[in-house]
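Asker: Dumping the structure here so I can ask a few things about it.
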There are 4 protein chains.
Amino acid sequence: MTIDDAVPATAATRELVAKLHDELIRWQLVVWTAGNVSSRVPGADLFVIKPSGVDYDALAADNMIVCDLDGNVVDGERAPSSDTAAHAYVYRAMPHVGGVVHTHSTYATAWAARGEPIPCVLTAMADEFGGEIPVGPFALIGNDDIGAGIVKTLSGHRSPAVLMQNHGVFTIGRDARAAVKAAVMCEDVARTVHIARQLGAPLPIDPADIDRLFDRYQNVYGQR
Amino acid sequence: MTIDDAVPATAATRELVAKLHDELIRWQLVVWTAGNVSSRVPGADLFVIKPSGVDYDALAADNMIVCDLDGNVVDGERAPSSDTAAHAYVYRAMPHVGGVVHTHSTYATAWAARGEPIPCVLTAMADEFGGEIPVGPFALIGNDDIGAGIVKTLSGHRSPAVLMQNHGVFTIGRDARAAVKAAVMCEDVARTVHIARQLGAPLPIDPADIDRLFDRYQNVYGQR
Amino acid sequence: MTIDDAVPATAATRELVAKLHDELIRWQLVVWTAGNVSSRVPGADLFVIKPSGVDYDALAADNMIVCDLDGNVVDGERAPSSDTAAHAYVYRAMPHVGGVVHTHSTYATAWAARGEPIPCVLTAMADEFGGEIPVGPFALIGNDDIGAGIVKTLSGHRSPAVLMQNHGVFTIGRDARAAVKAAVMCEDVARTVHIARQLGAPLPIDPADIDRLFDRYQNVYGQR
Amino acid sequence: MTIDDAVPATAATRELVAKLHDELIRWQLVVWTAGNVSSRVPGADLFVIKPSGVDYDALAADNMIVCDLDGNVVDGERAPSSDTAAHAYVYRAMPHVGGVVHTHSTYATAWAARGEPIPCVLTAMADEFGGEIPVGPFALIGNDDIGAGIVKTLSGHRSPAVLMQNHGVFTIGRDARAAVKAAVMCEDVARTVHIARQLGAPLPIDPADIDRLFDRYQNVYGQR
């Protein structure tokens with residue numbers, strides 16, 4: 001009996017995760033194989049993630065990797081993404097998170113290389129991030145340091161995105177699609193604010209207005 | 001009886017508006033769902049606009065939203081764009097306007113973040129905008145402040161584009177295609193002038209030459 | 001009898017010119033309808049050029065415009081490009097030129113906005129341009145000033161590209177494909193040298209080495 | 001008898017080399033015809049390289065050029081890439097190298113124009129390059145100077161990429177695909193570090209951490 005037989009929601013999650021990687025390419029967040037999306041399997045202590053070092057063109061539901069929340073492979077012929085431990089840590093620590101995305105998208109990673117948060121100077125940034133996009137610690141791959149840095153940083157912020165110092169971006173969402181959206185919007189605002197700053201200081205937005213924009217967007221925007 | 005039966009021009013307007021969103025993607029003015037096009041329905045006090053929070057790939061004539069000039073939905077199953085009130089305000093206040101476009105295109109929004117108008121230092125900018133691209137006020141979504149800021153700013157300018165402070169771009173046109181063209185050209189000149197300024201001061205163009213270029217372009221260019 | 005019957009080479013030239021506009025899109029040199037390619041009709045005092053204000057998608061051999069060397073339309077239902085007079089001037093003044101291209105490509109136009117030539121600090125630039133890319137005068141559309149400025153500036157240079165001040169780029173070639181290549185390479189070097197200069201001064205290349213590179217490239221490179 | 005009959009591995013190598021050029025376009029490393037990939041033919045003193053001055057669209061297995069390790073054409077109707085001598089030099093001097101790539105990718109070439117190595121301030125850069133990306137000497141085409149400069153520079157570094165001063169990038173790999181990956185990653189880190197530096201100084205990474213990241217990535221990452 002396969003894991004998809006035991007947990008039928010797994011099949012749809014594989015399909016979703018494979019397909020969402022197309023968005024990383026479409027919005028130019030990744031090169032080569034350097035970025036990954038995962039999704040919690042609804043109703044199970046499992047998540048689905050991209051295999052390691054495989055071309056985006058070759059991603060499909062049947063080569064996605066199913067892991068338990070400790071990051072152990074439950075089903076899959078290949079090695080999971082080398083960032084699997086960080087994804088697993090987030091799922092263990094943040095039960096409301098249904099999806100995690102990691103990229104080295106150019107502008108966001110440039111802020112991360114300076115260890116500098118992105119200031120909230122755009123209404124769209126207030127909508128989506130509710131303030132600045134914070135910086136998490138420098139951490140090496142290979143243990144729980146990256147996962148712990150993500151969780152610690154995001155726990156104090158409304159932002160669903162964190163810039164890991166000298167590394168790249170991790171985003172979270174209630175589901176994988178929301179995490180992908182946060183990754184796309186993070187790069188978009190990282191780029192716009194960078195370009196704004198190249199020729200002078202962006203005008204600040206009153207923190208009370210940031211609160212108003214964030215509250216409205218989280219509660220009103222989109223199809224209900 | 002549907003609204004398209006009552007106002008037959010509505011059907012063609014839906015088709016046009018759905019299709020013009022392709023241009024926002026093609027010329028890289030938008031990410032995710034962050035931009036919208038609307039068009040007045042010829043001969044009626046109605047306009048057609050994009051639904052809120054829906055992927056560009058999923059846009060089609062039959063999911064466009066028809067609104068009256070107060071921004072109330074007349075026909076459509078989904079919520080209209082969250083920027084509908086601003087579009088409606090422009091149609092009410094500016095009877096010659098047949099189309100409105102809103103984007104957060106990167107370079108134009110970077111100028112908007114600094115609250116700085118784009119100076120007219122390119123002949124193509126003189127052609128299309130007849131001078132600088134002005135900045136409108138900071139305004140929150142949720143009432144008529146954005147619409148009123150657009151109308152007040154554009155009323156004193158030849159430019160069909162306004163940079164709303166800390167927000168993004170609104171453009172107008174005699175029809176929706178002209179408004180889309182203005183959005184495309186606004187980003188193009190915002191980018192070129194930004195890049196020019198990165199390495200020094202662009203050379204000014206004599207205001208009398210700007211007038212000559214604008215007059216000629218508005219009256220001679222294109223197919224008659 | 002049509003012009004294509006009278007001058008059979010015209011048909012192939014229409015095909016070529018329509019198709020070469022695809023390269024302007026592919027290499028991102030143009031937005032909307034802002035750029036044009038023309039080609040002399042071999043063996044005739046004619047050239048073929050893009051119609052004015054028509055979408056790139058709609059360009060085809062049968063809607064190209066055939067002009068005489070004074071820029072008068074000899075065959076075509078639409079108005080020719082508004083830059084036709086400049087193309088015509090070049091063909092009249094420079095008999096060795098078989099193709100002309102005009103764009104507002106971003107980085108080249110940024111140099112043009114500052115009226116600053118692009119210094120030759122890349123071996124690929126030495127190959128293709130044999131030195132700096134020069135700046136031509138500010139000139140208004142509507143008479144021969146643009147054409148005369150192009151010809152005067154290029155006559156003193158090995159470069160097949162000229163940056164017209166506050167305007168954009170014109171390139172020439174022995175045929176239209178060579179002029180398109182020059183437009184592509186002009187934007188490429190404009191971008192690379194701009195980016196190099198953002199973080200410091202590019203290293204100069206010895207003028208004698210520029211000569212060696214140019215001579216070799218013009219005589220050895222490519223398929224003979 | 002053809003070379004492919006004599007050395008059957010040649011046929012597959014032609015196919016691979018033609019196809020890998022698609023990656024140069026996909027990741028926007030090249031314009032027009034300015035970049036090339038080569039691959040050693042396994043088990044033979046031969047390599048396969050792109051023909052000179054031919055469009056990427058027209059590349060196919062049967063128009064690839066087969067050369068011996070002195071760069072002489074063994075099979076092929078066209079002239080080989082004008083960079084063939086440099087590729088040949090690398091294959092002669094570095095027996096472990098199975099593939100070589102050359103591009104003028106924008107950001108990497110901008111660093112090369114200033115003669116400035118790219119500092120290792122990103123974990124992905126530590127993974128792939130094990131430290132800074134070094135600069136090789138200014139060298140003219142036409143003899144072994146470029147090849148010798150590549151080999152001399154890379155021999156003292158873990159980096160598979162070298163920035164040739166005022167020229168562009170050469171990368172090496174155990175096979176051609178690895179060399180292409182290095183070219184893609186080189187441009188990606190050149191761009192990100194450039195953008196980081198535009199607004200301040202990137203934070204350094206401890207050299208011991210760079211060593212740890214490099215060792216882990218070379219030994220653990222990807223599918224085993």
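Bear in mind these aren't lab numbers, they're just calculated from the coordinates by the rules spelled out. Quantities reported herein were computed from a predicted structural model and do not represent experimental measurements. As a convention, Cβ positions derive from the backbone with ideal geometry for all residues, glycine included, and neighbour counts pool all protein chains shown.
Asker: Please identify the trypsin sites (Lys or Arg not before Pro) of the stretch C:146-176 that satisfy two criteria: DSSP loop assignment and at most 14 other Cβ atoms within 10 Å. Which are they?
Answerer: Values: sites: C:152, C:158, C:174; in loops: C:158, C:174.
When the trypsin sites (Lys or Arg not before Pro) of the stretch C:146-176 are filtered for loop state and at most 14 Cβ neighbours within 10 Å, C:174 remain.
Asker: Take the residue pairs A:19/D:181; A:50/B:50; B:50/C:50; D:19/D:152; C:19/D:181; A:152/D:181 and return only those whose Cα atoms are more than 25 Å apart.
Answerer: Details: A:19/D:181 23 Å; A:50/B:50 34 Å; B:50/C:50 34 Å; D:19/D:152 29 Å; C:19/D:181 32 Å; A:152/D:181 34 Å.
Beyond 25 Å between Cα atoms: A:50/B:50; B:50/C:50; D:19/D:152; C:19/D:181; A:152/D:181.
Asker: Measure nothing fancy, just the Cα-based angle from helix B:207-220's long axis to the longest principal axis of chain B, in degrees from 0 to 90, nearest 10.
Answerer: Taking the Cα atoms of chain B, the angle to B:207-220 is about 40 degrees.
Asker: Between residue C:60 and residue D:22, with labels modelled 7 Å along Cα→Cβ, what's the label distance in nm to one decimal, could you check?
Answerer: In this crude label model, residue C:60 to residue D:22 measures out at 2.9 nm.
Asker: Also, quick follow-up: Once Rh is set to the Kirkwood radius over Cα pairs, what Stokes-Einstein translational diffusion coefficient, in µm²/s, holds for the stretch B:134-224 at a temperature of 20 °C and a viscosity of 1.002 mPa s?
Answerer: Working: Rh = 14.9 Å.
The estimated diffusion coefficient comes to 144 µm²/s.
Asker: In 10 Å bins starting at zero, report the fraction of Cα pairs in the stretch A:3-219 per bin as a rounded %.
Answerer: Distribution as computed: 9, 36, 35, 16, 4, 0 percent.
Asker: Quick one: A:94, B:125, A:64, A:1, fewest Cβ neighbours within 10 Å first, how do they rank?
Answerer: Working: A:94 15, B:125 30, A:64 26, A:1 5.
Starting with the residue having the fewest Cβ neighbours, the order is A:1, A:94, A:64, B:125.
Asker: How far apart, in nanometres, would the label points at residue B:208 and residue A:206 be if each is projected 7 angstrom from Cα along the Cα-to-Cβ direction?
Answerer: 4.6 nm
Asker: Further question: Under 5 Å between amide H atoms, partner at least 5 residues away or on a different chain: which partners does residue A:46 have, H built in plane at 1.01 Å?
Answerer: A:41
Asker: Got a sec? How would A:111, A:27 order by Cβ neighbour count within 10 Å, fewest to most? Walk me through the numbers before you get to the answer.
Answerer: Values: A:111 25, A:27 19.
Least to most surrounded, the residues fall as A:27, A:111.
Asker: Dividing the convex hull volume of the Cα atoms of the stretch D:24-73 by its residue count, what figure in Å³ per residue is obtained?
Answerer: Working: hull volume 4.4 nm³, N = 50.
Cα-based convex hull of the stretch D:24-73, divided per residue, equals 88 Å³.
Asker: Also: Compare the peptides B:6-16, C:29-39 by average per-residue count of other Cβ atoms within 10 angstrom and give them in order, highest first. Please list the in-between numbers first.
Answerer: On the way: B:6-16: 18.3, C:29-39: 24.7.
Result, highest mean first: C:29-39, B:6-16.
Asker: Still on this structure, I have one more. Out of all Cα-Cα pairs in the stretch A:61-141, roughly what percent, to the nearest whole number, are more than 18 Å apart? Provide the component values of the computation, followed by the final result.
Answerer: On the way: 1886 of 3240 pairs.
For the stretch A:61-141, the fraction of Cα-Cα distances above 18 Å is 58 percent.
Asker: How fast does the protein assembly as shown diffuse by Stokes-Einstein, in µm²/s, taking the Kirkwood radius from C-alpha pairs at 20 °C and 1.002 mPa s?
Answerer: Values: Rh = 29.0 Å.
Once the numbers are plugged in, D ends up at 74 µm²/s.
Asker: How far, in whole Å, is the closest Cβ of chain C from the axis that maps C onto B, and which residue does it belong to?
Answerer: Reported as residue, whole Å: C:198, 4.
Asker: Sticking with this one: Amide H to amide H, which residues 5 or more places from residue D:136 or on other chains are under 5 Å from it, using H placed in the peptide plane?
Answerer: Amide H neighbours of residue D:136, under 5 Å, 5+ apart: D:163, D:164, D:165.
Asker: Calculate how steeply helix B:145-155 sits against the longest principal axis of the alpha-carbon atoms of chain B, using the helix alpha-carbon long axis, and give the answer as 0 to 90 degrees to the nearest 10.
Answerer: Helix B:145-155 sits roughly 50 degrees off the main axis of chain B.
Asker: Placing the label point 7 Å from Cα along the Cα-to-Cβ direction, what are the distances from residue C:62 to the equivalent spots in the other copies, shortest first, in nm to one decimal?
Answerer: List, nearest first: 3.3, 3.3, 4.7 nm.
Asker: Quick one: order A:81, D:155, B:82 by neighbouring beta-carbon count within 10 Å, fewest to most.
Answerer: Numbers: A:81 25, D:155 9, B:82 19.
Placing the least packed residue first, the sequence is D:155, B:82, A:81.
Asker: Would you work out the relative contact order for chain A, in percent, from Cα pairs under 8 angstrom that are 6 or more residues apart?
Answerer: Numbers: 454 pairs, mean separation 43.8, N = 224.
Over chain A, the number comes to 20 percent.
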